[in-house]
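Below is one structure; the comments refer to it alone.
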Ligand code: ADP
Ligand code: MG
């Protein structure tokens, strides 16, 4: 039952008031078939929109089935609208991305009704389009599209159908079709109110209301048409609502459909998030890999061992020739070993890269010169053959102990012990094989040749000073004390002035090195976090931009969805989920890319990488977060659109 009294709708245009409806009063029973006719601009559409709860009057009262609706909120109107009314528009307003059947079923997403008296398929058959269900609107004629729209208007079992010039865009034949369909709907017990210019349509109805200048100028009823009033409505009371889970699943499905409809655009907007996530994952993997490899290098270093180097504290640095008096000479090794208390063993070390060859094979590797104590201090006693002797060191003997990687590269399966290799073109006899240090080092620790320190200094490298000392404490004195004693010895032997003593030598034990490594890696983490934040910000802005375009583009769609009963939150969720679909897909692709980059870095560039599940989790979290933060604004913008204005949008 429609009861309006003294209803007015006033538009203010350029300071002037236009009465689209001027004090209109009207009563329509729920089983009538009414035509509203009149010249263009007479207020027909305005009346129909207010009757259809798409618009609210400026003043007056409107009672729909006994409920005063003139001042309901937008969401309350949307709910009441979808429970009681169905709409048919002159421009059909089908959604182009969906099949005819999906268009018909679309209002159910919002009403959530299940076990309907008439399923969407059934309704498609009712409008004689049972064989066209899976066609897109663009593959149909105007008449067919309008029939789909009629089926859609019926899907929530409305009590009243409202149609604004439903035949205005159609040829005569389709017009007759539509008219007959509206008549059928009416006979099944639904009220039908149709705005029309067409006298033929008027003839088919049982009441004609004529309007002019916002007023009703005539209202003529003809013979009553027999209907089954309230028939469908009684059935509707038994309908069930579907659960929120299916609702969100459907929104997600529609989100992906929208994303796929604009593949290139979506892909480009995903790119930002994808690159951000991928770089974070790859860099975290690199950072972790580096840390792991440092850890594995440290493994060979006993808890009682420290390293002494000339120069300021640096991690992984090599001794530099700065002209500073802070040096370590060969004699220092013997002096420290014999005169500083609390020391079990000392080894001087020099390293350099060198070209080595055996038979016709060449290999570039790291050559290290060390004292005999090196084997003990670094747990590097040969697994095959023997360590060189002090005598061999003194006589600068050309003997070498080689690492497993060198064995593999130069010898394959052959036994290297006793053979001769050339190091920088000088002949050396292989006397032993180093134990595997392995690890996931960025530097392969088995890719090494160890020779006596003096041999290395004077025959191979031409160094007069050693690069570093490995010192093993005897376990009784504290390492710090031993370190200080070593420093004092070096200061006096090299006459280091007091002012330079602070930076002259660097003494590090395992704990120091660990601390240095972890401080480096925490700096790196902060850096990575900053990169991540910036790239996700950029990616998020890209997505927001594209969503804003999408909202503008789909204004009509939003209007239609609201007209068929979508509430503010329905639209909000739809666009938010769409944004999330883009950002999460971007995030997932970013994870794949990041993993691929990490793997190829380690397999092609030989860098150690280690992908943590934490970084993958963070990536997912941040892409969801970005989606929500940058999706809210466009989604709210969409949700706030007024249905009528949105439908009119070009
Ligand atoms: P009809 O459907 O009979 O052609 P309408 O109901 O669309 O007429 O319009 C009635 C009057 O209200 C017209 O004079 C029209 O210009 C005016 N009008 C309708 N909608 C608006 C609007 N959104 N803003 C300003 N004026 C409007
Ligand atoms: Mg109109």
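Every number here is computed from the coordinates shown, using simple stated rules; none is lab data. It should be emphasised that the depicted structure is a prediction, and the values quoted were computed from it without experimental measurement. No Cβ is skipped: glycine too gets one built from the backbone with ideal geometry, and neighbour counts run over all protein chains shown.
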### Query
So how do 241, 9 line up by other beta-carbon neighbours within 10 Å, fewest first?
241, 9
### Task
Can you tell me how much longer the chain between residue 68 and residue 213 gets when fully stretched, taken as 0.36 nm per residue apart minus their C-alpha distance, in nm with one decimal?
49.6 nm
### Query
Kirkwood-based Rg over Rh for the chain (C-alpha set), two decimals?
1.33
### Task
Using R₀ = 51 Å, calculate the FRET efficiency as 1/(1 + (r/R₀)^6) where r is the Cβ-Cβ separation of residue 481 and residue 427; round to 0.05.
0.70
### DSSP bridge orientation in the chain - percent antiparallel, rounded to nearest 5
70 percent
### Query
Using the count of nearby Cβ atoms within 10 Å as a rough guide to exposure, how do 330, 110 rank from fewest to most?
330, 110
### Summary
Here the residues of the stretch 626-650 lying in the modelled label zone of residue 18, meaning backbone nitrogen under 20 Å from a point 7 Å along Cα-to-Cβ, are 642-650
#### Entry: Relative contact order, percent, the chain [alpha-carbon distance under 8 Å, six or more residues apart]
17 percent
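For a protection proxy built on the mean count of beta-carbon atoms within 10 angstrom, sort 72-79, 512-519 highest first, please.
My ranking of the peptides, most packed first, is 72-79, 512-519.
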### Query
At what distance in angstrom do the alpha carbon centres of the stretch 99-166 and the stretch 15-80 lie from each other?
25 Å
### Query
Once fully extended, how much extra length lies between residue 389 and residue 632, figured as 0.36 nm per residue of separation less the alpha-carbon to alpha-carbon distance?
80.0 nm
### Task
Using only alpha carbon positions, build the gyration tensor of the stretch 305-511, then give the equivalent ellipsoid semi-axes as the square roots of 5 times its eigenvalues, largest first, whole angstrom.
31, 17, 16
### Computed [θ] at 222 nm, deg cm²/dmol, the chain (DSSP H ≥ 4; -39,500 (n - 2.57); rounded to nearest 500)
-15000 deg cm²/dmol
### Summary
At q = 0.10, 0.14, 0.16 Å⁻¹, the log10 of I(q)/I(0) for the stretch 91-222 from a Debye sum over equal Cα scatterers comes to -0.34, -0.64, -0.81
### Query
Based on the mean of other beta carbon atoms within 10 Å per residue, what is the order of 383-390, 165-172, 498-505, 188-195, most packed first?
188-195, 165-172, 383-390, 498-505
### Calculated FRET efficiency for the pair residue 361/residue 526, C-beta based, R₀ 45 Å, to 0.05
0.45
### Message
Contact order normalised by length for the stretch 305-511, with contacts defined as Cα pairs under 8 Å and 6 or more residues apart; what percent is it?
### Response
36 percent
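How would you rank 364-375, 344-355, highest first, on the average number of other Cβ atoms within 10 Å across their residues? It would help to have the intermediate numbers written out before the result.
Working: 364-375: 21.3, 344-355: 19.7.
Packing order, densest peptide first, comes out as 364-375, 344-355.
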### Task
Round to a whole angstrom and tell me the spacing of the C-alpha centers of the stretch 539-575 and the stretch 447-492.
71 Å
### Query
Roughly speaking, what is the stretch gain from residue 253 to residue 465, that is 0.36 nm per residue apart minus the C-alpha to C-alpha distance, in nm to one decimal?
69.2 nm
### Summary
Heads up, the stretch 123-181 by the C-alpha gyration tensor (a ≥ b ≥ c square roots of eigenvalues; a/c under 1.5 rounded, else a/b over b/c prolate, else oblate) looks oblate
### Message
Run the simple label-point estimate for residue 40 and residue 493 please: 7 Å along Cα→C-beta, distance reported in nm.
### Response
10.5 nm
### Query
Listing 70, 603 from the residue with the fewest other Cβ atoms within 10 Å to the one with the most, what is the order?
603, 70
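Set the Förster distance to 51 Å, then compute FRET efficiency between residue 553 and residue 518 from the Cβ-Cβ distance, nearest 0.05. Mind dumping the intermediate values first?
Working: r = 51 Å, r/R0 = 1.00.
For residue 553 and residue 518, the calculated efficiency is 0.50.
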